[in-house]
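The values are calculated or read from the model by the stated rules, or taken from the named source; none is laboratory data. These numbers were taken from a predicted model, which means no experiment stands behind them. Quick reminder, even Gly has a Cβ in these numbers, built from the backbone with ideal geometry, and neighbours come from all protein chains shown. Surface areas here come from the heavy atoms of the whole protein model, side chains and all, with no ligands, DNA or RNA. Shrake-Rupley method; radii C 1.70, N 1.55, O 1.52, S 1.80 Å.
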Amino acid sequence: MNRYRFILTPRYCTVKGFLLYSILLIMGACSSGKQSFEKGDYDRAVYQAVNRLQKDPNNKKALTTLQQAYRYAREDHQSRIKNAINSSEVFHWETVVQEYESMNSLIESVSRCPTCRQIISTEDKYQEQVEKAKEKAAEVRYTLGVKLLSENNRQSAKEAYQHFERADQFIPDYKDVRQKLNTAYQAAILKVVVEPVEIEKGIYKLSNEYFQNKIFEYLQHYEEKSFIKFYTPQEARSKTLVPDHVLSLSFDDFVVGQTYLKEKEQEVSRDSVKTGTVEGKEVYGTVKAKYITFEKTISSSGLLDLRVMDWKSKNTLTQEKMPGTFVWRDEWATYKGDERALDKEQKKKVKRRESPNPAPQFLFVEFTKPIYNQLTRKIESFYRKY
């Protein structure tokens, strides 16, 4: 698979006519275009006048605006094209492409309006001029890419890649641009071997694999928008790869399942409670109970060490400790005495029973979640400059 298809680059800058046309229609749906014309925004005036005439073919103000704005818009675009062609600016052909496509967009809008076509010719589209300008724009980008690629350094290769991609956008499959894209990508990538977290305790092996897989999923996603390529040690060995960086991950320590049980006892009472009947009369008094609450917490935590080393110099480029903690809680209660002394919430808690302790593997995964968040932020921050 060609890697370059996954690299995100700045959006192709040429203005797409139909998109501009749609936006301007929304902005000026109820306008004849006269105000835009008076402000010198001739393209917008054309689109607004066309939109009005599609709804009201006999609108004289819109007809007049269309004739005047279309003529001025063409003159402005042709003037900018002439200036661009005579310019020494490196990417002047891209300006030419944009201006011709803008004129073609005006013609497209007019062609969709029967009334407009009676006063504006829609036959003279500039497709041939667009294609010639794209050819020249692609040639400029391709030539710059080749020159940068010959400099044999990573930064130049990244820039070359961008130029080749722009050339391919102007003219798909221009010359051998697909091959050049792959060559530039391979020269531009920073090769990073990731030494995974090793856990010797068998009970946590599956949980650690889950944590490790999440990390590699993130790294694969990160590759798609960068010039960084991450490898496992096994992949590096199989490819006899010489890395640029080695990213090492290890737990300095972790503790799973530290259990604490807190018991609290209190006397509760309630007044004016019916306690019996004497000689046919109800007797009210105070009822009491001993209310006992239990709170169980199971704490799990760990400290992950991240270190990035430059393979050639063996210097540590960055190192950071990342803590993670997860506390599982359970609460229940019991009582001795008269249940009527308890309030609604106390009765509800009394009905609860002690929950089974969660599995150690679950606790391991949970305390690694905040570590994962810190780790991914650190990787993104550190490799942004590469």
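Would you calculate a helix-derived [θ] at 222 nm for the chain, using -39,500 (n - 2.57) for each DSSP H run of n ≥ 4 and dividing by the full residue count, to the nearest 500?
-16000 deg cm²/dmol
Counting alpha carbon pairs within less than 8 Å and at least 6 residues apart, what relative contact order, in whole percent, applies to segment 195-256?
51 percent
Could you tell me which of the pairs Lys225/Lys314; Lys214/Lys296; Lys290/Lys344; Lys34/Lys134; Lys55/Lys125; Lys264/Lys288 are separated by over 22 angstrom between their Cα atoms in the structure shown?
Lys225/Lys314; Lys214/Lys296; Lys34/Lys134; Lys55/Lys125
Kindly list the residues of segment 55-77 that lie in the label zone of Arg112, defined by a backbone N under 17 Å from the point 7 Å along the Cα-to-C-beta vector.
55-57
Could you work out, for the chain, what percent of all Cα-Cα pairs fall into each 20 Å distance bin, beginning at 0 Å and stopping at the bin that holds the largest distance?
19, 27, 24, 20, 9, 1
Determine the relative contact order of the chain: mean sequence separation of Cα pairs under 8 Å and six or more apart, normalised by residue count, in whole percent.
Relative contact order comes out at 11 percent.
Under the Karplus relation 6.51 cos²θ - 1.76 cosθ + 1.60, θ = phi - 60°, what is the ordered set of whole-Hz ³J(HN,Hα) values for segment 276-286, x standing for Gly and Pro?
Values, residue by residue: x, 9, 10, 6, x, 10, 5, 10, 10, x, 9 Hz.
Stretched out fully, how many nm does the piece from Lys314 to Lys175 gain, at 0.36 nm a residue minus the Cα gap?
Stretched fully, the Lys314-Lys175 segment lengthens by 45.9 nm.
Angle check, please: helix 205-223 long axis (alpha carbons) against the longest principal axis of the chain (alpha carbons), in degrees 0 to 90, nearest 10.
20 degrees
If you count only protein heavy atoms with a 1.4 Å probe, what accessible area per residue comes out for the chain, rounded to a whole Å²?
57 Å²
If you place +1 on the Cβ of every Lys and Arg, -1 on the Cβ of every Asp and Glu, and leave all else neutral, what size is the dipole of the chain about its Cα centre, to the nearest 20 Debye?
Using only the charged Cβ atoms, the result is roughly 560 debye.
Towards the positive end of the charge dipole of segment 87-222, with charges on Cβ (+1 Lys, Arg; -1 Asp, Glu), say which of Ile215, Ala184, Ser150 has the farthest Cα.
Ile215
Calculate, in nm to one decimal, what Lys39 and Asp253 gain on full extension: separation in residues at 0.36 nm each, minus their alpha carbon distance.
70.1 nm is the gain from fully extending Lys39 to Asp253.
Which of the trypsin sites (Lys or Arg not before Pro) found in segment 225-299 are in a DSSP loop and have at most 15 neighbouring Cβ atoms, other than their own, within 10 Å?
Qualifying residues, ordered by number: Lys225, Lys239.
Enter the angle in degrees (range 0 to 90, nearest 10) between the Cα long axis of helix 42-55 and the first principal axis of the Cα atoms of the chain, meaning the one along which they spread out most.
80 degrees
Going by average Cβ density within 10 Å per residue, which order do the peptides 66-77, 189-200 take, highest to lowest?
66-77, 189-200
Helix 177-188 versus the longest principal axis of the chain: what is the Cα-based angle in degrees, 0 to 90, to the nearest 10?
40 degrees
Could you tell me how far the Cα centroid of segment 356-386 sits from the Cα centroid of segment 147-191, in Å?
35 Å
Please report the accessible area of Asp244 (heavy atoms, 1.4 Å probe, ligands and nucleic acids excluded) in Å², nearest 10.
Roll a 1.4 Å probe over it and Asp244 shows about 40 Å².
Take the Cβ-Cβ distance between Gln155 and Lys378 as r, set R0 to 22 Å, and report the resulting FRET efficiency rounded to the nearest 0.05.
0.45
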